[in-house]
1. For the range 5-61, which whole percent of the accessible surface, found with a 1.4 angstrom probe, sits on carbon and sulfur atoms?
2. What dipole magnitude, in Debye to the nearest 20, does the range 197-239 give about its Cα centre under +1 on Lys/Arg Cβ and -1 on Asp/Glu Cβ?
3. Modelled label-to-label distance, Ser4 and Ala119, 7 Å Cα→beta-carbon offset: nm?
4. Report the residues of the range 114-146 in range of a label on Leu92: point 7 Å along Cα→C-beta, backbone N strictly under 11 Å from it.
5. With charges set only on the Cβ (+1 for Lys and Arg, -1 for Asp and Glu), what does the dipole of the chain come to about its Cα centre, in debye to the nearest 20?
6. Excluding residues fewer than 8 places away in the same chain, name every one of the aspartates and glutamates whose C-alpha is closer than 16 Å to that of Lys141.
7. Over the Cα atoms of the range 6-119, Rg to Rh with Kirkwood Rh, two decimal places?
8. Looking at Thr149, Gly111, Ser23, which one has the Cα that reaches farthest to the positive end of the dipole of the chain (charges on Cβ: Lys, Arg +1; Asp, Glu -1)?
Amino acid sequence: MAESRTIHGFHAVTARIRQNADSVLELYVDTSRHDGRARDLLKLAEDNGVRIVQVDGKRLDGMAGNASHQGVVARVDATRRVIHLDDVLDTLNEPPLLLVLDGVQDPHNLGACLRSADAFGVHAVIAPKDRAVGLNATVEKVACGAAETVPYITVTNLARTLRELKERDIWVVGADSEAGNHLTNFYHSDALAMVLGAEGEGLRRLTKETCDQLVSIPMRGAVSSLNVSVSAGIFLYEARSQRVAPPAEYGAHGLGE
């Protein structure tokens with residue numbers, strides 16, 4: 001029998017069936033769900049040959065660890081296809097846009113970061129294998145399907161990976177609340193990796209030292225920092241918008257004059 005794990009929630013389960021139906025071993029649905037959303041999911045599962053099991057809510061509670069499952073839990077193959085960074089970079093037809101997360105531990109933050117990565121066309125999210133949450137059922141639920149669309153690549157040595165990115169002429173920019181250079185004065189429309197740190201701690205020292213440049217988000221209010229997933233959305237929006245319409249006031253080498 002294949003090694004398995006569970007995912008839950010309509011977005012996560014629907015995305016998994018659409019993206020990789022063969023990996024869905026069984027779909028468990030609350031017998032009390034007869035609404036249109038449940039019917040659509042059941043039809044999608046039937047059309048893709050997924051085995052459907054009707055169960056009561058109490059059993060689903062146990063399967064999902066009492067998380068909010070919305071009456072839907074899927075048992076999926078836990079052996080995800082290993083994706084290597086080179087596999088992503090070697091097949092792109094535009095300059096890479098990467099999101100690097102230096103030790104994000106909260107699954108809700110990781111899920112939200114994946115949603116932002118999907119929204120702004122990030123080619124891959126990179127994270128260390130250790131001291132990071134990794135993909136789990138909560139992450140996939142919060143990501144609302146983005147965990148299936150954005151390659152999530154774990155690496156053993158993050159600093160070494162950043163150096164390898166630099167060898168590929170990818171500009172590595174770290175988010176640091178104390179950096180003197182503000183995001184509003186930053187411009188780079190070529191290959192780019194945005195690096196954000198863990199909740200509360202920010203970038204680790206070696207990660208910070210490995211970055212080509214550090215950039216901060218100018219803060220106007222009383223708070224001194226933002227949640228990592230909020231910061232990711234802001235940085236990625238700016239990076240993507242600059243590729244679409246580079247501001248004329250910036251110089252050609254990355255910083256405003």
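1. Roughly 42 percent, rounded to a whole number.
2. Numbers: 4 positive and 5 negative charges, 21 e Å.
Computed about the Cα centre, the dipole is about 100 debye.
3. In this crude label model, Ser4 to Ala119 measures out at 3.4 nm.
4. Under cut-off, by backbone N: 122-125.
5. Once rounded to the nearest 20, the dipole reads 660 debye.
6. List returned: Asp61, Asp106, Asp118.
7. 1.03
8. Ser23
The values are calculated or read from the model by the stated rules, or taken from the named source; none is laboratory data. Predicted model only: the values in this text are computed from it and were never measured. A quick note on method: Cβ atoms are made from the backbone with ideal geometry, for glycine too, and the neighbour counts reach across all protein chains shown. Keep in mind that these areas ignore ligands, DNA and RNA; they rest on the heavy atoms of the full protein, side chains included. Shrake-Rupley method; radii C 1.70, N 1.55, O 1.52, S 1.80 Å.
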